[in-house]
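S.K.: Below is the structure I would like to discuss, written out as structure tokens.
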Amino acid sequence: MSDSLLVDVLLISALGISVISLAAALLCFSLLRKQAAANIQLFQKLEKSQQMSNSNTVRLGKRLVALEKQLLAVEQGSSAASRETPDPSSNVVLDESLKDALSLLNAGLPPEEVARRCGISKAEASLMKLMRTHAQQSVAA
């Protein structure tokens, strides 16, 4: 009789351990699903951020082309009016924020302040300052 009681206790213990293991597995599975959903959201945010970055890079490239044309015009000794206005034959047109940024840089404001006021990136403002400085050095030489 004691042998069957011992076997029964062991079976019940094994059943209890199995139930606890199953509950732990279900909990882990639930947490894993939540983590997978969070990862998907993060990937979507990353993709959106990358698309915005690519868009900004293209916009920055267009602005850089316009600034290069202005720099060439300065280096060739063109008039002040042609320096402020991009070549009408180009597909790139400087928008008002860039014109404002250029005037603020000419007034001596730091690129960080210009970026904040004009709604452009600090990199764009720094690049504009660098190109303006280069143009001034070219004219002076």
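The values are calculated or read from the model by the stated rules, or taken from the named source; none is laboratory data. All figures in this text were calculated on a predicted structure; none of them were measured in a lab. Every residue, glycine among them, receives a Cβ derived from its backbone with ideal geometry; neighbour counts consider all protein chains shown. Each accessible area value is taken on the protein alone, full model and side chains, heavy atoms only, with ligands, DNA and RNA left out. Shrake-Rupley method; radii C 1.70, N 1.55, O 1.52, S 1.80 Å.
S.K.: List the residue pairs whose Cβ atoms are under 9 Å apart, where the first residue sits in the stretch 67-82 and is at positive phi, the second is at pLDDT below 80 and open to solvent by 50 Å² or more (accessible area, probe 1.4 Å), and the two are 6 or more positions apart or on different chains.
M.R.: GLY77/VAL139
S.K.: Out of the residues in the stretch 49-72 meeting the condition of being among the hydrophobic types (A, V, I, L, M, F, W, C) and under 16 Å from SER121 (Cβ atoms), tell me which one is nearest to the chain's Cα centre (by Cα). Show your work before the answer.
M.R.: Here is the first cut: in the stretch 49-72, the residues among the hydrophobic types (A, V, I, L, M, F, W, C) are 52, 58, 60, 64-67, 71-72.
Among the residues that remain, those that are also under 16 Å from SER121 (Cβ atoms) are: 52, 58, 60, 64, 66-67.
On the way: MET52: 7, VAL58: 13, LEU60: 13, LEU64: 18, ALA66: 23, LEU67: 23 Å.
Going through the qualifying residues, I end up with MET52.
S.K.: Of the residues ARG63, ARG59, only one is open to solvent by 60 Å² or more (accessible area, probe 1.4 Å), out of contact with any Pro (no Cβ under 8 Å at 6 or more places or on another chain) and at pLDDT below 95; which?
M.R.: Testing whether each residue is open to solvent by 60 Å² or more (accessible area, probe 1.4 Å), out of contact with any Pro (no Cβ under 8 Å at 6 or more places or on another chain) and at pLDDT below 95 leaves just ARG59.
S.K.: Another question, if that's okay. Which members of the stretch 108-125 meet the condition of being within 20 Å of LYS69 (Cα to Cα) and open to solvent by 50 Å² or more (accessible area, probe 1.4 Å)?
M.R.: Residue satisfying the conditions is ALA123 alone.
S.K.: Let me ask something additional. Give the residue that is farthest from the chain's Cα centre (by Cα), with candidates limited to residues of the stretch 103-131 that are outside any helix (DSSP H, G or I) and closer than 18 Å to THR57 by Cα.
M.R.: Among those that are outside any helix (DSSP H, G or I) and closer than 18 Å to THR57 by Cα, it is GLY119.
S.K.: A further question follows. Go through (1) in a helix (DSSP H, G or I); (2) exposed (fewer than 14 other Cβ atoms within 10 Å of the Cβ); (3) modelled with pLDDT of 85 or more for HIS134 and report which single condition fails.
M.R.: Just one mismatch for HIS134, condition (3).
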